[in-house]
1. As an exercise, use a Förster radius of 45 Å and the Cβ-Cβ distance of residue 229 and residue 28 to find the FRET efficiency, rounded to the nearest 0.05.
2. Just going by the charge dipole of the chain, with Lys and Arg at +1 and Asp and Glu at -1 on Cβ, which of 91, 120, 141 is farthest out on the positive end?
3. Quick check for me: using +1 on Lys/Arg Cβ and -1 on Asp/Glu Cβ, what's the dipole size of the chain about its Cα centre, in debye to the nearest 20?
4. Using alpha carbons only, what's the Rg to Rh ratio of the chain with Rh from Kirkwood?
5. Quick one: the Cα spread of segment 40-118 along its three principal axes, in angstroms, biggest first?
6. Find how much the distance from residue 75 to residue 130 grows on full extension, using 0.36 nm per residue of separation minus their present alpha carbon separation; answer in nm with one decimal.
7. What's the magnitude of the charge dipole for segment 165-233 around its Cα centre, counting Lys and Arg as +1 and Asp and Glu as -1 at the beta-carbon? Answer in Debye, nearest 20.
8. Under the rule of -39500 (n - 2.57) per DSSP H run of 4 or more residues, summed and divided by the residues of the chain, what mean residue ellipticity at 222 nm is obtained, to the nearest 500 deg cm²/dmol?
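The values are calculated or read from the model by the stated rules, or taken from the named source; none is laboratory data. Predicted model, so just to flag it, every value in this text is computed and none were measured. Here the Cβ positions follow ideal geometry from the backbone for every residue, glycine too, while neighbour counts run over all protein chains shown. Areas reflect the complete protein model, heavy atoms only, side chains present, ligands, DNA and RNA absent. Shrake-Rupley method; radii C 1.70, N 1.55, O 1.52, S 1.80 Å.
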Amino acid sequence: MFSTVRIAPSILSANFMDMERDIRMLEEAGADIIHVDVMDGHFVPNLTIGVPFIKQLRAITDLPIDVHLMISNPQEQIDWYLDLDPDYVSVHIEAVPDEDELHVLLRHIRERGAHPALTLKPDMPIEVLDPFIEEVDMILVMSVFPGFSGQSYIEGSEERVAYVAQVAKERNPDLLIEVDGGISAERTAGLVCAEGADVLVAGSGVFAAEDPARAIEEIRLAGTEAQADKERA
């Protein structure tokens with residue numbers, strides 16, 4: 001029923017003045033994926049990093065890179081990012097309101113060698129993902145509103161995870177479910193993993209920890225134990 005819990009630290013919480021050091025730390029600490037938040041200051045009220053940064057990031061690590069595009073015009077910019085050889089590229093369903101156009105975009109991501117992923121803001125009905133479940137390799141469930149790190153988990157987000165997991169069970173059993181926002185070992189990692197989450201994005205929970213390696217392992221363990229408890233129930 002469940003797959004191995006993977007931890008994807010968000011470098012939005014890293015030290016941008018010493019990013020290579022932080023990436024090396026993540027590698028040694030056992031991170032599974034590097035999560036990269038791209039914000040354009042228009043789709044979300046924040047401006048972060050773009051193509052030149054990710055190009056340098058790709059050059060210094062072999063860890064899978066998961067690019068979350070929080071931009072208004074992904075169709076126009078997608079090849080800039082695909083040229084950098086990312087492993088996963090998540091686009092927002094709100095940014096491509098035409099359904100046919102979104103199908104084309106997701107197929108294009110796959111044809112260029114990346115895993116297509118889809119996400120949406122927490123106030124969007126989760127059911128809008130239904131037509132695309134079979135075309136993507138990952139769904140990113142946002143448990144905070146995109147734009148800033150350090151936000152608190154939105155209560156009930158695990159129900160959205162459960163919905164995606166149920167649809168995927170019938171139509172795309174290999175689908176990964178990623179959750180981003182307010183993830184902690186103390187409570188939320190277990191909540192979402194019990195409902196089917198496979199990939200947990202953690203920012204300040206890792207980078208602000210006194211021992212990042214221990215923080216990663218504790219988050220992973222909380223998720224894994226919740227999966228085991230659910231299977232025994």
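1. 0.90
2. Projecting each Cα onto the dipole axis, the largest value belongs to 141.
3. Details: 17 positive and 44 negative charges, 65 e Å.
Computed charge dipole of the chain: roughly 320 debye.
4. Values: Rg = 16.4 Å, Rh = 17.5 Å.
Reported Rg/Rh, Kirkwood definition of Rh: 0.93.
5. Between the extreme Cα coordinates on each principal axis of segment 40-118 lie 37, 30, 16 Å.
6. Values: separation 55, 0.36 × 55 = 19.80 nm, distance 2.07 nm.
Stretched out fully, the residue 75 to residue 130 stretch lengthens by 17.7 nm.
7. Working: 7 positive and 14 negative charges, 38 e Å.
Dipole magnitude for segment 165-233 comes out near 180 debye.
8. Working: 8 runs with 90 residues, N = 233.
Per the formula, -12000 deg cm²/dmol.
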